[in-house]
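The values are calculated or read from the model by the stated rules, or taken from the named source; none is laboratory data. Keep in mind that what you see is a predicted model, and the values were worked out from it rather than measured. Positions of Cβ are generated from backbone atoms using ideal geometry, with glycine treated the same way; all protein chains shown enter the neighbour counts.
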Amino acid sequence: MARDHRGKLARVAVAAAGLSVGLGPLAIMSAVTVSSAGAATVAGATAAGATAAGATGAAATASACVAPGYRHCLRYSFTGGDQFFTVPGRVTAIRVLEWGAGGGGASSATGQYSAGAGGYTVGDVAVQPGQELTVTVGQGGFASGTGYNTYGYGGGGLGGNGRLIGAGGGGLSALWNGAYGVQPLLIAGGGGGASPGSPHGTDGDYTAVVGGGAGGGLTGGSDGTQYSGSGGTQLYGGTAGSPPSPCLNSGIGGTAPGDGQQYQGGPGGGADPSPRGLGTVSEGGGGGGGGYWGGGGGRCQVSINDMPNGAGGGGSAYLRGAGVYQAWTVPGTDAVAAGLNTGAPPAPEALNNPLYLPGLSWGGGQSGAAAGGNGQVVIEWDKRQPVKPTPSPTPTATVTPAPVPTSPAPVPPGPLPVTGFPFAQAGIAGLALLALGAGMSWVSRRQRRQS
């Protein structure tokens with residue numbers, strides 16, 4: 001290869017190397033930006049280590065949310081099955097917010113108190129990176145007339161059978177260390193279901209005001225009558241409506257109401273759908289709400305002269321799981337407190353949280369006659385550090401500096417005073433004498449040359 005061609009190629013190579021060095025960092029920065037952006041868009045915060053997948057659903061069941069004060073947030077909605085959360089790396093604490101499900105509602109032409117709302121539980125949990133947690137989001141209780149033979153997800157109790165079927169209890173919402181029902185960390189209780197046509201005054205020979213008890217609180221709610229189930233506690237389930245036996249003269253379809261069990265609401269009492277005799281009504285009792293301990297089921301009614309039918313009690317909350325701290329819970333609204341022919345709302349703390357979605361946790365839905373509102377679970381982590389405000393400068397008094405005295409401008413010195421011997425004048429005279437002497441010497445030399 002000719003020397004000049006080799007030189008040209010060498011110069012091209014040097015230029016290319018310089019271009020690579022200059023653009024290399026820019027390429028690396030671009031690649032990192034794309035990678036980070038891509039990770040942030042994969043199932044929201046799931047890319048940070050959280051997962052929400054199981055036998056029943058995909059990761060999309062947990063959606064990213066914006067939590068005040070936290071950098072990461074996942075919202076779990078009702079899916080009908082277990083969901084999961086894997087603690088991300090370097091995370092040692094999470095905040096958990098739970099809305100229990102509301103009980104199922106009922107309606108009546110003569111007026112009806114409906115179902116209880118779900119409870120609300122909040123707490124911080126100490127965790128370890130990689131720890132596997134199970135998330136339960138309770139199912140709203142079945143409305144009167146539907147699903148009497150199907151338990152709601154999260155332990156909602158069955159509504160009792162009858163010509164008018166009792167409504168089901170709402171399911172609990174919970175976070176578990178490991179599998180469902182093994183090591184609870186935090187639980188929000190579900191509301192008790194309504195009993196169709198239940199009394200709100202005199203009913204035959206009996207007087208009662210009946211409505212579903214609220215879920216949540218360390219003890220679930222109840223209407224306080226003997227006919228409805230009581231609320232679950234921290235030690236045992238709510239008791240069934242009294243008497244806990246099949247409705248009088250019910251026939252082969254009659255069943256007794258049941259006590260609440262741990263994590264499960266009791267079933268409402270059932271009446272034969274086609275009882276014989278005059279004055280028969282055949283109304284099933286409401287199911288108890290799920291909770292740490294479930295609420296008891298309400299009794300049924302067959303005859304207008306029989307004891308009234310009852311509603312379900314609410315399930316209790318739980319705050320004492322391993323590693324849980326700064327936890328608290330509030331119950332939802334009891335049906336009787338909500339009023340006739342209307343739904344029971346969750347507690348104000350639950351409604352006013354910015355992560356609340358309309359309809360969640362309502363007893364009887366917002367109309368009072370619909371299925372209960374489903375629950376919700378939100379997990380937040382990586383707490384933001386509060387920004388310290390920039391301190392304002394301390395105002396200081398304005399001080400006018402004292403004037404600095406100035407010296408007068410220097411005055412150039414004048415001629416030396418003529419005192420004593422006149423040195424300056426003598427010097428000038430001496431120079432004149434020297435000049436005169438030199439001139440006379442020159443004239444003398446010239447005259448000698450001419451002679």
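A compact table of results
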| read-out | value |
| --- | --- |
| Top-ranked residue in segment 354-378 [being touching a helix residue (DSSP H, G or I) at 6+ places or on another chain (Cβ under 9 Å) and under 17 Å from SER77 (Cα atoms); ranked as surrounded by the most Cβ atoms within 10 Å (Cβ to Cβ)] | SER361 |
| Criterion violated by LEU351 - all others in (1) touching a Leu at 6+ places or on another chain (Cβ under 7 Å); (2) surrounded by fewer than 24 Cβ atoms within 10 Å (Cβ to Cβ) satisfied | (1) |
| Test: GLY253 is of a type in the set (Gly, Ala, Ser), out of contact with any Lys or Arg (no Cβ under 6 Å at 6 or more places or on another chain) and modelled with pLDDT of 95 or more | no |
| Elements of type strands (runs of 3 or more DSSP E) in segment 293-390, at least 2 residues being among the aliphatic types (A, V, I, L, M) | 324-330, 376-383 |
| Residue list for segment 86-134, filter: of a type in the set (Val, Ile, Thr) and without any contact (Cβ under 8 Å) to a residue 24 or more places away in the chain | none |
| Cβ pairs under 6 Å, 6+ apart, first in segment 269-280 and within 23 Å of GLY193 (Cβ to Cβ), second surrounded by fewer than 21 Cβ atoms within 10 Å (Cβ to Cβ) and modelled with pLDDT under 70 | ASP272/GLY251; ASP272/GLY253; PRO273/GLY253; PRO275/GLY251 |
| In segment 263-304, the residues that are crowded, with 24+ Cβ neighbours inside 10 Å, small (Gly, Ala, Ser) and touching a Lys or Arg at 6+ places or on another chain (Cβ under 9 Å) | GLY268, GLY269, ALA271, SER282, GLY284, GLY285 |
| Selection count, segment 112-152, where residues are in a loop (DSSP other than H, G, I, E, B), buried (at least 24 other Cβ atoms within 10 Å of the Cβ) and of a type in the set (Phe, Trp, Tyr) | 2 |
| Counted residues, segment 313-335 - those being surrounded by fewer than 24 Cβ atoms within 10 Å (Cβ to Cβ) and either in contact (Cβ under 8 Å) with a residue 12 or more places away in the chain or closer than 17 Å to GLY154 by Cα (or both) | 10 |
| Qualifying strands (runs of 3 or more DSSP E) (wholly inside segment 166-261; at least 2 residues being farther than 16 Å from GLU283 by Cβ and touching a residue at least 24 places away in the same chain (Cβ under 8 Å)) | 173-177, 184-188 |
| Members of segment 79-109 that are part of a loop (DSSP other than H, G, I, E, B), farther than 15 Å from TYR180 by Cα and not small (Gly, Ala, Ser) | VAL87, PRO88, ARG90, VAL91, THR92 |
